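Shown next, in structure tokens, is the structure this report addresses.
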Amino acid sequence: MTQRRITDDLQALLNVLPARITEAVIQADDSDNLLEIVLDLGRVPVARFVNREVTLSDVETTHEDIDAVVANIGEFDADNRAGLERTLHRISAIRNRHARIVGLTCRVGRAVYGTIDIIEDLLATGQSILLLGRPGIGKTTMLRESARILADDKRVIIVDTSNEIGGDGDVPHPAVGRARRMQVAKPSLQHEVMIEAVENHNPEVIIIDEIGRELEALAARTIAERGVQLVATAHGRTLENLLLNPTLSDLVGGIESVTLSDEEARRRGTQKTVLERRSPPTFDVLIEIEERNRLHVHADVSAAVDALVRGYPLAPEVRYRDPVGEVVIEKPPPPAMRPTPQTSRRIFANNSENTQPLSRAARGNPVLAQPETVNPAPPEVNKTLQPVHIYPYGVARNRLIQAARRLGVPAVVVANLEEAEVLMTLRTYYRSRQHPIVEAEARSMPIYVLRANTINQMEQSLAELFNLSVESGPSEWDIIAAQTQVAIQNVLNGQRFVDLPPAAAGIRRLQHDMARQAQLISHSYGKDPNRRVRIFRE
């Protein structure tokens, strides 16, 4: 068990308060549990502790009391917060219509060493972590300790909007260790400083407190896509709260309404219009701080969101400290299978009967794709080959079925990674280091990466997997790449623009990459399935 040590510099805060209030706080004799001191004009001063509230004086707070405190602290920034040099305390102001201060909230800032061991294993994975919890429960304290621990081995930058992580003044508080700190002039500029930190200072980890605006959520996604580990807090208490927040839902992938085909809706046993995750989440792990020493951990945000929007939420992992201070981890029970006709069914990829193609929404979200109902393999399967269980992540299952049937190989497509011997995915998902891919690598599982979601690519991978010799012409992507290269050359030779044939989103993304490499501009036009790429000069 890590030895806990608390540093709060409480005396520095008490020194700026009126003498009668300071004496009352000392007499309360519970400084370890003191959260904040509230001074409101015309009301008695109050101290808020973890589990109680105490009146500090029978004398009402006056303008003179408030002005005396303000004179002894630093300047208030645009967010109406001030601090004390080289401490973690935060003083927030309430102003009247004429901008005069009529109330103060004096928050006690503490550096609590030895508390991060409850999630230290998660920090060490390099995954991005988002902390949620009600105000005053210790999110920033945990963030500060995370910065100190990570800075021992990595390059850590703190984006400190209100100087709450690193303390007031130009010199960061010792509690952040070797981590570097970037201050933010105005809260509205936090997203710009986040991007500046990545572009200018080469961090491996960025620490952010209170992501609360849409631009900050977008900046966080940009940072995560550049391979930088994020450790941050956000406004909200649970995953469900965050998912329903339109400003911040993108942090966990967001949700959108999708219309299913009649066959897909019948197969799922749902209505035709359903909610699904819109995109990969910015953060890999989400931690709900229920109490100071009790956490709920969603170790796979993608899976947690997918299950939540489909009506059967996954139980989180529970972590807490027992009475002697030891960390206890309670793993969630295995998720119960949905009571549908497809429960525990597998797909024999060589069978063409009774298979239903996945909807476009399911193809775009591999975590949500469910196994199709099929019959046993037909006689034309090559019986000399051993069946191989394949988990397709982002790969169109109906095309994989068709590719396996054309080759006559006993490929068994399974619905989850635990049943698989091989993972097959697209290059886009592999590059973004999705959780199933990281888990497959940890299990030393073979991973076959396709450049495009085409039957030809799948046949080549299956042929390699089953050690078959397949003679084939150029792949579909080879043809598309050649078309794109011709278009690029025509534009470089003076043609104003060239429209490429309509293509799927993954193909369009690769076409945009080719255009960018040739230092040309490209945009997508039209609506699916006729959406296409146009390449042109500036």
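The values are calculated or read from the model by the stated rules, or taken from the named source; none is laboratory data. These numbers were taken from a predicted model, which means no experiment stands behind them. Neighbour counts run over all protein chains shown; Cβ positions are idealised from the backbone, glycine included.
Within the stretch 353-361, not a single residue is of a type in the set (Val, Ile, Thr), more than 25 Å from Ala220 (Cα to Cα) and modelled with pLDDT of 85 or more. Scoring Pro172 on the criteria (1) free of Cβ contacts under 8 Å to residues at least 24 places away in the same chain; (2) touching a Leu at 6+ places or on another chain (Cβ under 6 Å) leaves a single failure, condition (2).
I'd like the full set of residues that are among the β-branched types (Val, Ile, Thr) and in a loop (DSSP other than H, G, I, E, B), limited to the stretch 90-109. Selection gives Val108 alone. Can we say Asn416 is modelled with pLDDT of 85 or more, surrounded by fewer than 21 Cβ atoms within 10 Å (Cβ to Cβ), within 29 Å of Leu385 (Cα to Cα) and not assigned by TED's automatic domain parsing to the domain that holds Gln127? Yes, satisfied. Screening Gly269, Gly254, Gly325 for residues that are of a type in the set (Gly, Ala, Ser) and modelled with pLDDT under 75 leaves exactly one candidate, Gly269. Residues in the stretch 221-239 that are at pLDDT 95 or above and within 16 Å of Glu196 (Cβ to Cβ): Leu230 only. For Arg221, are the conditions met, namely being in contact (Cβ under 8 Å) with a residue 60 or more places away in the chain, assigned to a loop (DSSP other than H, G, I, E, B) and surrounded by fewer than 21 Cβ atoms within 10 Å (Cβ to Cβ)? Spelling it out, it is not the case that Arg221 is in contact (Cβ under 8 Å) with a residue 60 or more places away in the chain, assigned to a loop (DSSP other than H, G, I, E, B) and surrounded by fewer than 21 Cβ atoms within 10 Å (Cβ to Cβ). Leu244 meets all of the listed conditions (1) in contact with a helix residue (DSSP H, G or I) (Cβ under 9 Å, 6 or more places away or on another chain); (2) surrounded by fewer than 16 Cβ atoms within 10 Å (Cβ to Cβ) but one, namely (1). Against the criterion of being surrounded by 20 or more Cβ atoms within 10 Å (Cβ to Cβ), more than 23 Å from Glu164 (Cβ to Cβ), touching a strand residue (DSSP E or B) at 6+ places or on another chain (Cβ under 8 Å) and free of Cβ contacts under 8 Å to residues at least 24 places away in the same chain, Thr55 does not qualify. In the set (1) over 14 Å from the mean Cα position of the chain (by Cα); (2) modelled with pLDDT of 90 or more; (3) of a type in the set (A, V, I, L, M), the condition left unmet by Val274 is number (2).
Quick check: anything in the stretch 475-497 at negative phi, outside the structural domain of Pro280 (by TED's automatic domain parsing), surrounded by fewer than 16 Cβ atoms within 10 Å (Cβ to Cβ) and in contact with an Asp or Glu (Cβ under 9 Å, 6 or more places away or on another chain)? No, there is no match, as no residue in the stretch 475-497 is at negative phi, outside the structural domain of Pro280 (by TED's automatic domain parsing), surrounded by fewer than 16 Cβ atoms within 10 Å (Cβ to Cβ) and in contact with an Asp or Glu (Cβ under 9 Å, 6 or more places away or on another chain).
Confirm whether Arg237 is in the same structural domain as Leu150 (by TED's automatic domain parsing), more than 19 Å from the chain's Cα centre (by Cα) and within 29 Å of Val327 (Cβ to Cβ). So Arg237 does not fit the description; no.
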